[in-house]
Amino acid sequence: MFRLEDRKSGFKKGIDASEGRRCRNETSIKLRKDKKEEGLAKRRAALSATGIPTSIDCPSIGKTLYTVADIPQLAAALLQPNIDGAKLLEVARGFRKILSVESNPPVQNVLRSGVLPALVHMLTLNDKPDVQFEAAWALTNIASTDMTQVVVDAGAVPIFVNLLSSQSADIRDQSAWCLGNIAGDSPPLRDAVLLAGAMRPLLENIVSPATPALLNNSVWALSNFCRGKPAPVLSHIASAIPVLASILQQANSDTKIDALWALSYISDGNDERIQAVVDCDLASLLVELLGSEASNIVTPALRTVGNIVSGNDEHTQAILDAGLIKKMPSLLQSPKRGIRKEACWVLSNIAAGTQAQIAQVFKGGMNHVVNLALDAEWEVRKEAIWVISNIATGGTSTQVMSVVECGAIDALCNILKINDTKMLLVALDAINNILKVGSENGKDYISFVDECDGLMEIENLQEHENEEVYQHAIKIIETYFGVEDNMEDENLAPVVDGNTFSFGVPPKLYTSVDDTPRGAIYNFAAM
């Protein structure tokens, strides 16, 4: 059985901690990338159809439709001496329209024209807000592709940071959008945005938004400021937490979703990061949001709750005190596989806490957990098995016997048929401790295991290629399924073979993959 400290350090993070959390991070990254591209496409479509925002004074000049064929002419116009404001606006708008096509914008063609430095320079023309806006929009579209780095290398980040304080709400909106695209590209670019001082003016636009669009884009950008591995330095993003907390109390579902994802990124880490979220008194609000009918709200809220209960026992208790357990049965029965998986992950973290906290798990739908461990999709089954295992290895004898009454032995024995080394070890460890508790309390759990074909599966695991699995199987067999004395005596009875006597047949020796003898393989079914 794992030592207590091993259980606290390993199990507390849910399934196989490093692998499981890596998968969750990849999932969240994909969600945010999808969100970024979806939002940008809608922006192009909306503004192409409805025109330029009313706060920007843009006279109707030039062509209404620009294509790649117009790039040389537009680039040449920028080389003219003393280009006037109207012509400059026409050029900026032309490049913006070229880069605003629904799919596959010709970014490379535009960059090869050498116009990038001119677009960045246009951002500095504070006396020409219409030109600033068009240039910002064009650069935002470039930053939304895999050419984000060139926008950064051209020196756009500090200028966009300054434009977050522009007198024009639409320019502030577009600047937040572009910085969000840049920060969402990679952790190094995210850090470059943060180090440029973007957090403070961005938060100001969230606290006092001039328009709903500015609020939505700023909160989305903020979520990207907090996202990515390695995580941003906590001191660079800590000021965002109380602002995010206030957003959760608003009715706007889009901003609420992005705020929840931001909190999930911030809380995904060590106890200091978790404490920073807990200190903002978010537990009750997060638990309340778990009752939402919208799965896109429940998912990041549950992720954040799971991160918090993966911290120390005090963090776990804060969530329990907020009423989490009452929400768990419905989450465990969600039609969404991801929510059922995350719900089991949350309970597994709680089950790795104190014995008083383990007692709360039984009120959260333990029968549902066992059913998921038996019949759910494999990703969900693994998480459910961790709930059972954490109770079996860390609970009191009464709690261990209670989880057996819920059907734990059947669920654990079923896992023995799966060729997943980590989960085999988890299941064997749980079975070993259940049998130990049973022997100490007069419970015939040995028969339970045998009736669930557990003994047969454990015997088969004596031939498993993993040495640790083999050793766990041998330990259980020798400790709880040992040969009876009279059976041993029968095997030792002399057999006459001609004029010689032999004392039974020696047990088969099993050789590991490196030909090292492992000892006897026990097969009680044949006796």
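The values are calculated or read from the model by the stated rules, or taken from the named source; none is laboratory data. Remember, it's a predicted structure, so these values are computed and weren't measured experimentally. Virtual Cβ from ideal backbone geometry, glycine too; neighbours counted across all protein chains shown. Ligands, DNA and RNA are excluded from the accessible area calculation, which covers all protein heavy atoms including side chains. Shrake-Rupley method; radii C 1.70, N 1.55, O 1.52, S 1.80 Å.
A few notes on this one:
- Exposure rank, largest accessible area first [Lys382, Lys475; 1.4 Å]: Lys475, Lys382
- Contact order normalised by residue count of segment 281-359, Cα under 8 Å, 6+ apart, percent: 30 percent
- Counting only protein heavy atoms and using a 1.4 Å probe, the accessible area of His472 comes to about 40 Å².
- Heavy-atom accessible surface of segment 336-426: percent carbon and sulfur, 1.4 Å: 44 percent
- Label-to-label distance, Glu377 versus Glu451, with points set 7 angstrom from Cα along the beta-carbon direction: 3.3 nm.
- The three principal axes of the C-alpha atoms in segment 127-192 carry coordinate ranges of 32, 18, 17 Å, sorted with the longest axis first.
- Residues Gln250 and Asn367, FRET efficiency given R0 of 45 Å [Cβ-Cβ distance, rounded to 0.05]: 0.75
- Projecting the Cα positions of Ala196, Tyr265, Ile241 onto the charge dipole of segment 182-316 (unit charges on Cβ atoms of Lys, Arg, Asp and Glu, taken about the Cα centre) puts Ala196 furthest along the positive direction.
- Contact order, relative form, for segment 105-165: 30 percent (alpha carbon pairs under 8 Å, 6 or more residues apart, mean separation divided by residue count).
- Kirkwood Rh in Å, taken over all unlike Cα pairs in segment 266-367: 13.2 Å
- Taken about its Cα centre, segment 259-335 carries a charge dipole of about 340 debye when Lys and Arg each add +1 at the Cβ and Asp and Glu each add -1 at the Cβ.
- Average accessible area per residue (Å²) across segment 224-366 - probe 1.4 Å, nucleic acids and ligands excluded: 35 Å²
- Averaging the Cα positions of each part gives two centres, and for segment 264-296 and segment 171-250 these lie 18 Å apart.
- Estimated dipole of segment 87-243 in Debye, rounded to 20 [Cβ of Lys and Arg +1, of Asp and Glu -1, Cα centre]: 100 debye
- Close lysine pairs were tallied over segment 311-370: pairs 8 or more places apart or on different chains with Cα atoms under 17 Å apart number 4.
- Whole-number percent relative contact order across segment 183-278, with pairs defined as alpha carbons under 8 Å at least 6 apart: 28 percent
- Solvent exposure of Ile409, expressed as accessible area, is near 10 Å², computed with a probe of 1.4 Å over the protein chains only.
- Each Lys and Arg Cβ is given +1 and each Asp and Glu Cβ -1; about its Cα centre, segment 200-354 then shows a dipole of about 580 debye.
- Measuring only protein heavy atoms, the 1.4 Å probe finds Lys417 accessible over about 110 Å².
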